[in-house]
1. Mind ordering 17-28, 58-69 by average Cβ neighbours within 10 Å, highest first?
2. Using the 10 angstrom Cβ neighbour count as an exposure proxy, how do Met391, Met232 rank, fewest first?
3. Which of the lysines could a cross-linker bridge to Lys65, judged by Cα under 25 Å and excluding same-chain residues fewer than eight apart?
4. Which listed residue (His141, Ala12, His243) has the Cα farthest towards the positive end of the charge dipole for the chain, taking +1 on Lys and Arg C-beta and -1 on Asp and Glu C-beta about the Cα centre?
5. Give, in nm to one decimal, the length gained when the segment between Asn82 and Ala181 is fully stretched (0.36 nm per residue of separation minus the Cα-Cα distance).
6. Could you size up the charge dipole of the chain around its Cα centre, putting +1 on the beta carbon of Lys and Arg and -1 on that of Asp and Glu, and report it in debye to the nearest 20?
7. Which loop chymotrypsin sites (Phe, Trp or Tyr not before Pro) in the stretch 193-247, with loop taken from DSSP, have no more than 11 other Cβ atoms within 10 angstrom of their Cβ?
8. Pairwise over distinct Cα atoms, reciprocal of the mean inverse distance: report the Kirkwood radius of the chain in Å, one decimal place.
Amino acid sequence: MNAQPTALIPDAREAEARHLAQVYGQLPVEPVSGRGAYLRCADGRRLLDLYGGHAVCALGYGHPKVLDAVRRQAGELMFTSNVNALRVRASAADKLAEFAPDDLDCVFFVNSGAEANENALRLACRLTGRRRVVALEHGFHGRSAAAAAVTWRARERWYGFPDTPFDVTFVPRDDAARAAAAIDDKTAAVILEPIQGIAGAYVLESDYVRALRAACDRHDAFLIADEVQCGMGRSGQPFAIEHTGVVPDMLTTAKALGAGFPCSALIMSRALGDQLRIGDMGSTFGGGPLACAVIEAVLDTIREEGLLQQVATRERELRASCVTGPVLGIRGRGMLLGLECTTSAREVRDALLDQDILAGTSSDPAWLRVMPPLTLRASEAAQLAEALRGMPEEAR
Ligand SMILES: Cc1ncc(COP(=O)(O)O)c(C=O)c1O
């Protein structure tokens with residue numbers, strides 16, 4: 001029994017530690033509400049949030065259109081499963097298919113990035129009858145059995161299952177010839193993040209992605225674009241792979257898709273969708289009415305507020321102003337940027353937090369990750385530049 005009521009424990013991390021599995025490194029802040037790009041904390045602090053809950057909160061906090069959609073749909077019909085066809089689900093799928101590259105127009109809704117990737121990989125193995133998948137070094141695709149199997153270094157660090165569901169070959173992310181040579185007639189699929197998010201916003205070269213597309217075509221393998229983090233307008237295009245001119249066979253997206261409401265989607269080519277039969281895939285919660293109402297609101301907002309153009313403008317401003325203080329250079333696209341630091345990114349992250357700005361680290365110790373909402377204002381971008389410029393010597 002816990003004698004002290006949770007509300008009276010001064011530190012939320014201590015309160016969590018009583019019954020929550022201790023698997024997350026946590027920051028010393030306790031957000032209680034949010035508006036726009038700012039979080040309000042329990043101690044009254046106001047933080048500029050350039051991390052967005054792992055790139056999820058793409059419209060900031062409290063966006064009226066999202067709140068309206070949640071309230072309206074929750075009042076009308078909070079949930080019914082896929083056993084009933086719904087207009088709100090049809091409408092979300094129509095708009096997502098329209099937002100996606102032309103050839104991708106068949107949508108399957110699920111709940112998380114890993115689940116979307118799991119289904120994409122399973123379809124690829126099933127439809128090709130093959131058991132080998134090519135993935136990229138430094139990529140991250142989630143923590144379920146198949147998604148983690150294609151996640152770089154997961155097996156050495158936390159995978160846990162005795163075997164992976166298929167054979168995996170990891171290829172370098174900057175050597176197109178070597179990567180393409182790994183694709184052959186035994187390859188079911190190649191999975192890649194057009195911008196590797198957790199790796200610190202590393203952008204794959206267009207020629208590299210094109211070479212992999214061509215190799216997939218030569219060997220009838222599927223190309224899967226994991227846009228869980230970089231998709232949904234974050235790169236300045238609807239989907240980041242569009243910067244390369246390549247169209248994948250399957251694309252997965254999540255995070256910004258629901259702008260905070262948990263949901264994800266697998267979007268595939270019509271040719272692939274036509275091969276599906278009843279029962280081939282399924283999900284209880286995937287495509288629930290609440291999720292679909294939010295997805296529609298997010299897509300409408302991106303279009304109505306001209307957010308793709310705004311993302312491009314903000315990126316230019318950040319690139320022009322943020323190579324200062326401890327920052328040596330910037331990579332990434334749009335509102336998914338990596339800032340190369342002279343010291344460790346963790347130190348810079350902590351120094352920014354001291355100035356009430358929340359940013360993220362990445363799997364590369366030198367690269368800080370900045371994933372602001374697509375709605376970021378010029379003054380908020382300037383706040384980051386100013387904080388970096390004025391950073392104390394020890395963080396440089
Ligand atoms: C590129 C990418 N794919 C997949 C995932 C897994 O998504 P989820 O945590 O929703 O399962 C993530 C999560 O960070 C990701 O960044």
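1. 58-69, 17-28
2. Met391, Met232
3. Lys95, Lys255
4. Checked the options; the winner is Ala12.
5. This chain segment gains 31.5 nm when fully extended.
6. 360 debye
7. Here no chymotrypsin sites (Phe, Trp or Tyr not before Pro) fit, given the DSSP loop and packing criteria.
8. Over the chain, the inverse of the mean reciprocal pair distance is 21.8 Å.
Where a number appears in this text, it was derived from the coordinates with a stated rule and is not lab data. Just so you know, these numbers come straight off a predicted model, no measurement behind them. Please note: Cβ atoms are built from the backbone with ideal geometry, for glycine as well, and neighbour counts cover all protein chains shown.
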